[in-house]
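S.K.: So that we are looking at the same thing, I have put the structure below in structure tokens.
The values are calculated or read from the model by the stated rules, or taken from the named source; none is laboratory data. A quick note: this is a predicted structure, and the numbers were derived from the prediction, not measured. Note that we place each Cβ from the backbone using ideal geometry, even for glycine, and neighbour counts take in every protein chain shown. What goes into the accessible areas is simple: the full protein's heavy atoms, side chains included, and nothing from ligands, DNA or RNA. Shrake-Rupley method; radii C 1.70, N 1.55, O 1.52, S 1.80 Å.
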Amino acid sequence: MTVVLVDVANAVGSRPDGWWRDRAGATTRLLDRLAPLLGTEFTGPDGATVSVGALVAVVEGRARHVAAPPGVRVVRAEGNGDDALAAVAAELADGGDALLVVTSDRGLRDRLPAT
């Protein structure tokens, strides 16, 4: 099973759909779209099958107080979201499950544990 860890601010910001006018609303919509992935399988970036055993989403800023949909663990960054995501990734990597981090932030990727 794989834990999927999502950099929500980064994912929300990747679509120019007006998210900046309602960060909390855009975050809620993304979390609601992620929740059904729990227990499913998909092809990962390396071509291997990813079996989603857990979903973890890091939220920050104005979106920090959104509701967590069933099945999604929401980590609410008190400060910098990248710092929170790197810390959660380190914690999850020590847990023994496979970890897939969803972000396009190259600087953040350099801070993630090797998995």
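S.K.: Give the calculated FRET efficiency between LEU37 and ASP17 to the nearest 0.05, with a Förster radius of 25 Å applied to their Cβ-Cβ distance.
M.R.: 0.80
S.K.: With every protein chain present, what is the per residue accessible area of segment 2-110 (1.4 Å probe, Å²)?
M.R.: Accessible area per residue: 54 Å².
S.K.: How much length would be gained if the chain were fully extended between ARG62 and VAL102, taking 0.36 nm per residue of separation minus their Cα-Cα distance, in nm to one decimal?
M.R.: 12.4 nm
S.K.: Counting C-alpha atoms alone, how compact is the chain: give Rg to one decimal and Dmax as a whole number, in angstrom.
M.R.: Cα radius of gyration and Dmax of the chain are 13.4, 39 Å respectively.
S.K.: Related question: Return the distance in nm (one decimal) between the two label points of a simple spin-label model at ARG29 and THR49, each offset 7 Å from Cα along Cα→Cβ.
M.R.: Roughly 3.3 nm, to one decimal.
S.K.: Now a separate question. For every helix of n ≥ 4 consecutive DSSP H residues, a contribution of -39,500 (n - 2.57) applies; sum these over the chain, divide by its total residues, and give [θ] at 222 nm rounded to the nearest 500 deg cm²/dmol.
M.R.: Here the helix-only value at 222 nm equals -8000 deg cm²/dmol.
S.K.: Shifting gears a bit: Percent of accessible area on the chain owned by carbon and sulfur, 1.4 Å probe?
M.R.: Percent of accessible area from carbon and sulfur atoms in the chain: 50.
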